[in-house]
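The values are calculated or read from the model by the stated rules, or taken from the named source; none is laboratory data. All values reported here derive from a predicted model rather than from experimental measurement. A quick note on method: Cβ atoms are made from the backbone with ideal geometry, for glycine too, and the neighbour counts reach across all protein chains shown.
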Amino acid sequence: MALPIDGIWFAAGVTFGLLLSSVVIPPRRTVSKVPDPSDGKIVYHTDTGCVHVEAMEVPCTSETDSFNLLASLKK
C-alpha cells in the first residue's frame, strides 16, 4: 500500500535538505604548495609547467634588496 505524498511536504523536505547540505558541507579549497629547497629531487607541476628548486649559497652584500623590488625590476 503506497502512501500519498502531499506536494507541500515534499517541497518543504527538498528545501530543508538543500539548506542543510549547503550549511553542513564546507566548500572545497585548494592548497597550493610552495617549492622547498630541502626537497631537492621533487618536481612541482603547475598549470604553466614544472618547477624544480635547487638551493644555492650566495654571498651576502652590504646592501639588502627586498624581493618586491627585485620582482618589480623583472617586468
> If we scan the stretch 12-24, do we find a residue that is at pLDDT below 80, part of a loop (DSSP other than H, G, I, E, B) and exposed (fewer than 10 other Cβ atoms within 10 Å of the Cβ)?
Replying inline: no
>> Can you pull out every residue in the stretch 25-51 that is outside any strand (DSSP E or B), among the hydrophobic types (A, V, I, L, M, F, W, C) and modelled with pLDDT of 75 or more?
In response: Ile42
